[in-house]
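The values are calculated or read from the model by the stated rules, or taken from the named source; none is laboratory data. This is a predicted model, so every value here is computed, not measured. Glycine gets a Cβ as well: all are built from the backbone with ideal geometry, and neighbour counts include every protein chain shown. The accessibility values were calculated without ligands, DNA or RNA, using every heavy atom of the protein model including side chains. Shrake-Rupley method; radii C 1.70, N 1.55, O 1.52, S 1.80 Å.
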Amino acid sequence: MDRRSVIKHAGVAGILAAAAAPAVHAQASIRWRLTSSFPKSLDTIHGAAEVFAKTVNAMSGGKFQVTVHAPGELVPAFGVVDAVQQGTVEAGHTAPYYYFGKDDTFAIGTAIPFGMNSRQLTAWFYDGNGMKLMREFYDQYNIVNFPGGNTGAQMGGWYRKEIKGPADIKGLKMRIGGFAGKVLTRMGAVPQNIPGGEIYQALEKGTIDATEWVGPYDDEKLGFYKVAKNYYYPGWWEGGAQLDFYINKKAYNELSADYKAMVEAAASQAHVTMQAMYDARNPAALKRLVANGTKVLALPKNVMDEAFKQSMELYDELSASNPNWKKVYSDYRNFQRDANLWFRFTEARFDSYMQSAKL
Ligand code: CA
């Protein structure tokens, strides 16, 4: 056999071996563009999209490339649903509650006032009916959703003046993420939906009296402590705020089964990583904020009680007027009721003991 035919035979054997082996990458190289609602400076939440992209790229051996784009590069911060729905981009990473103007049911995908905490929401999505119900809802927007990170319970935000009771909420111009503004409106406040990258200037200029964002680590980066000293807790509207990856339905359905599995696994990786970053980084940031003169204060119970009452009334109204809301919310609330029944025993008791113990 001459050299030429050895090469030729090896080539045939190689092709036969490849045909017999399971298809690792059934598709040709593809490229997706993912638009984020969050500025690059926020390594926690913008970072979750980077984790997703890096994981897909690595799992596919570089054949499935996802590029992440900051707000404004391709799509405005709050334009993610429209862009994914229309196929302008294949994917997005956003907080569903930004889109409550389209349908209040979007809010349940992130957080609703006095809703579930991070652990409970993840349980509802991964092992309860959450994923199934939200997938049904998103289908009308050509979106396939995957949980894409959680912040954990958020802070109640930065206020130029102290909040002593419900009267101090009246007339308050406050930046707040999405849907919770409906409850604040009922309490007499004037909520504003402003993207993360634009809040500082509004607070500095006094266009707003207060803002909330997430928690110590992100809030410190956005610099709010320089222009408002009173930092309240808890963010009763975000007991655990989840972000989502939105995938255009047609783009998703065109993927092979192995690429679909990579998308699912990469989203789970991003989901876990984001919560871990917040839990690991918030403690040191809180200490730095206090060292810089921030006053950390509990929201008065009568403010919480008024917010709770207004929230429950709002939910009753939405359940009566919006069938989408009613379907998803009733399952969500039943799940939360049982989850709280369980969490109040071991989780809450253990946490409260340990948090008062000296380590
Ligand atoms: Ca928030």
#### Entry: the chain - percent of accessible surface contributed by carbon and sulfur, probe 1.4 Å
57 percent
### Message
With an 8 Å Cα cut-off and a minimum separation of 6 or more residues, compute the relative contact order for segment 93-202 in percent.
### Response
23 percent
### Summary
Note to self: Kirkwood Rh of the chain, Cα pairs, one decimal, Å, is 21.9 Å
## Note on the structure
The helix 257-291 Cα axis meets the longest alpha-carbon principal axis of the chain at an angle in degrees, between 0 and 90 and rounded to 10, of 30 degrees
## Note on the structure
Once normalised by the length of segment 164-222, the mean sequence separation of its alpha carbon contacts under 8 Å that are 6 or more apart gives a contact order in percent of 36 percent
### Query
Can you list the HN-Hα couplings for segment 336-344, worked out from phi with the Karplus curve (6.51, -1.76, 1.60; θ = phi - 60°), rounded to whole Hz and with x for Gly and Pro?
5, 4, 5, 4, 5, 4, 6, 4, 5
### Query
Just Pro71, Pro147, Pro166 to compare: in a GNM of the chain, with alpha carbon springs under 10 Å, which one fluctuates most?
Pro166
### Message
Counting other C-beta atoms within 10 Å, and keeping those with at most 11, which DSSP coil trypsin sites (Lys or Arg not before Pro) do you find in segment 127-202?
### Response
Lys164, Lys170
## Note on the structure
Per residue, accessible area of the chain with a 1.4 Å probe, heavy atoms of protein chains only, in Å², comes to 46 Å²
### Task
For segment 203-344, build the charge dipole from Cβ charges (+1 Lys, Arg; -1 Asp, Glu) around the Cα centre, then report which of Gly293, Gln269, Phe224 sits farthest towards its positive end.
Gly293
#### Entry: Share of alpha-carbon pairs per 5 Å distance bin for segment 208-358, given as whole %
2, 6, 10, 13, 16, 17, 15, 11, 6, 3, 1, 0
### Query
Taking Cα atoms, how many degrees apart are the long axis of helix 346-356 and the longest axis of the chain, rounded to 10 and kept between 0 and 90?
60 degrees
### Message
Between helix 45-59 and the chain, what is the angle of the helix's C-alpha long axis to the longest principal axis, kept within 0 to 90° and rounded to the nearest 10?
### Response
20 degrees
### Nonlocal amide H pairs with Gly72, under 5 Å, H built at 1.01 Å
Ala77
## Note on the structure
Mean separation of Cα contacts under 8 Å (at least 6 apart) over the residue count of segment 190-287, i.e. the relative contact order in percent, is 35 percent
